Amino acid sequence: MKRSLIVKGNFIFTKDSEKFEIFKDSYLVVKDGRVDGIHPQIPGEYNGCEVLDYGDRIVIPGFVDLHLHAAQYLQCGIGMTKTLLDWLNDYTFDLERQFQDREFAKAVYSEFAAKLAAHGTLRASVFASSSTEGTEELFDALKAQGVGAYVGKVNMDRNAPDFILEDTAASIDGTRYLIEKYGDDPLVKPIITPRFAPTSTDDLLKSLGDLAVSKDLPVQSHLNENRDEIKWVQSLFPKSRHYSDVYDQHNLFGQTPTIMAHAIYSSEEEVALAQKNKVFLCHCPDSNINVRSGIMPVRRYLEMGMNLGLGSDIAGGHRIGMNDAIVRAIQLSKLRSMEFEGEKPLTVSEAFYLGTKGGGRFFGKTGSFEPGYWFDALVIEESPFVRERYSLEDRLEKFLYTGDDRHISARFVQGNKL
Ligand code: GUN
Ligand code: FE
């Protein structure tokens, strides 16, 4: 017997980025955790089935955060006038060190996971710290929340303070241990996570690429975020054609599913390689503003049909809610459009797509309510005056711009209410 559930409400999602699909006063049938269909009436065969009636509320796909750092959660909003490399040295590394303390890691990651779910992020690709024990606590905290995630122990074996570096073998051993322990979990899974090229030796990158390919595991890292970082990569890897080539040479650039955060300054050749290798590029607008990195040419990437998603990048970004990332992506695209004629700003549906189905594609079928997609969903609360006055599309836009965790009253992951 298939397990069925019917949800009544106003359903809004993006099948394609160009426009919203809107089903007013409709009944969405969930079968075994997946969307079966959306109907104006309850189909006859489902009479007597459990109905969750959300009345005139809006129901949207859960948000997908393709890039954030759980071990930086406490640092949100701190050090925001630094640029990337100073910010890492002056604030971030010392905070990440503290996740070697298991009790501290457990307490902070529990709060992090609760906030993530509260703000409607139901799938996320997360960096922990370089501590293996600390990273176990992040797996457990996310599992306890019931959200879907990829979790990476951060691999780094050079060019950072000794207190968060490991030697290459220890870094790989810790990663292998976590893969053994969590590799079969249905919802919270390991991802190979070299921090970025500069904090990795060739040996580390080679071992990580071998591991990714041999165990068929996804990969995440940072790419072309900051001009000083790029110069540093060129000097550290003089034999590489460019930054992307450093990863590509080590089987860390799409040989298995890969997320690269930022890609602000990728050359034509690098973008072509990312596209050929189906690498997901992750736009992190708040972070790019805060640590003054630059502006991703997101319109260009969208037009090329690149794999694209959105990230909060906390704590380069300061807001954990992906509605804020969606809004900031729109705002930043407007600034870019004033500088670069022909680069039209993002529309609301395009930015919403990036924060739901665009990034969701990395997790399989999530981020949409098309048949076959996991029912990962959020129920939205609004003022009754707003509900009366505005169209469903306007109401969603208002939630994106002005809402937060207080405006989300129910969350579903794979059809299960959290
Ligand atoms: N590049 C390497 N490490 C980091 C990090 O922690 N945050 C950001 N935004 N960029 C990085
Ligand atoms: Fe980051």
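Identify all residues within the range 286-315 that are under 16 Å from the mean Cα position of the chain (by Cα), at negative phi and within 12 Å of ligand 1 (Cβ to nearest atom); write none if there are none.
Result: 286, 287, 288, 311, 312, 314, 315.
Could you pull out the residue among 96, 111 that is more than 16 Å from ligand 2 (Cβ to nearest atom), within 27 Å of residue 319 (Cβ to Cβ) and of a type in the set (Asp, Glu)?
The conditions single out 111.
For the range 360-401, which positions are small (Gly, Ala, Ser) and in a helix (DSSP H, G or I)?
360
Which of the helices (runs of 4 or more DSSP H) found entirely inside the range 64-182 contain at least 2 residues meeting this: within 30 Å of residue 210 (Cα to Cα) and within 14 Å of ligand 1 (Cβ to nearest atom)?
It comes to 84-87, 93-97.
Which of the residues spanning the range 1-28 are modelled with pLDDT under 95, within 19 Å of residue 411 (Cα to Cα) and outside any strand (DSSP E or B)?
The answer is 3, and nothing else.
Only residues that are surrounded by 15 or more Cβ atoms within 10 Å (Cβ to Cβ) and among the acidic types (Asp, Glu): list them for the range 329-369, please.
343, 350
Looking at the structure I just gave you, is residue 193 touching a residue at least 24 places away in the same chain (Cβ under 8 Å), within 16 Å of ligand 2 (Cβ to nearest atom), under 20 Å from the mean Cα position of the chain (by Cα) and within 27 Å of residue 374 (Cβ to Cβ)?
So residue 193 fits the description; yes.
I'd like the full set of residues that are of a type in the set (Gly, Ala, Ser) and in contact (Cβ under 8 Å) with a residue 40 or more places away in the chain, limited to the range 302-333.
Here is the first cut: in the range 302-333, the residues of a type in the set (Gly, Ala, Ser) are 305, 309, 311-312, 315-317, 321, 325, 329, 333.
Hits for the range 302-333 are 309, 311, 312, 315, 316, 317, 321, 325, 329.
Within the range 380-393, which residues are among the charged types (D, E, K, R) and under 14 Å from residue 60 (Cα atoms)?
Scanning the range 380-393 gives 381, 382, 393.
For the range 340-362, indicate whether the set of residues that are modelled with pLDDT under 95 and aromatic (Phe, Trp, Tyr) is non-empty.
yes
When you check residue 69 against the structure, is it within 30 Å of residue 290 (Cα to Cα), touching a residue at least 12 places away in the same chain (Cβ under 8 Å) and out of contact with any helix residue (DSSP H, G or I) (no Cβ under 6 Å at 6 or more places or on another chain), yes or no? I'd like the intermediate steps shown before the answer.
Values: within 30 Å of residue 290 (Cα to Cα): yes; touching a residue at least 12 places away in the same chain (Cβ under 8 Å): yes; out of contact with any helix residue (DSSP H, G or I) (no Cβ under 6 Å at 6 or more places or on another chain): yes.
Yes.
For the range 264-284, what are the residues that are within 13 Å of ligand 1 (Cβ to nearest atom) and within 21 Å of residue 363 (Cβ to Cβ)?
Matches in the range 264-284: 282, 283, 284.
Kindly provide the set of residues from the range 252-269 that are surrounded by fewer than 23 Cβ atoms within 10 Å (Cβ to Cβ) and not hydrophobic (A, V, I, L, M, F, W, C), ordered by number.
Across the range 252-269, the qualifying residues are 254, 255, 256, 257, 265, 267, 268, 269.
Of the residues 248, 210, which single one is under 25 Å from residue 358 (Cβ atoms) and among the acidic types (Asp, Glu)?
248
Could you check the range 252-359 for strands (runs of 3 or more DSSP E) lying wholly inside it with 2 or more residues that are away from ligand 2 (no atom under 14 Å from the Cβ)?
307-310
Of 39, 69, which residue is at pLDDT 95 or above, over 20 Å from residue 378 (Cβ atoms) and under 20 Å from the mean Cα position of the chain (by Cα)?
69
Could you please find all residues in the range 158-180 being of a type in the set (Asp, Glu) and within 19 Å of residue 217 (Cα to Cα)?
Pass one, the range 158-180, residues of a type in the set (Asp, Glu): 162, 166-167, 173, 180.
Those that are of a type in the set (Asp, Glu) and within 19 Å of residue 217 (Cα to Cα): 173, 180.
Scan the range 218-251 for residues that are part of a helix (DSSP H, G or I), surrounded by fewer than 24 Cβ atoms within 10 Å (Cβ to Cβ) and within 15 Å of ligand 1 (Cβ to nearest atom) and report the count.
8
The values are calculated or read from the model by the stated rules, or taken from the named source; none is laboratory data. As the structure is a computational prediction, the values presented were derived from the model and not from experiment. Positions of Cβ are generated from backbone atoms using ideal geometry, with glycine treated the same way; all protein chains shown enter the neighbour counts.
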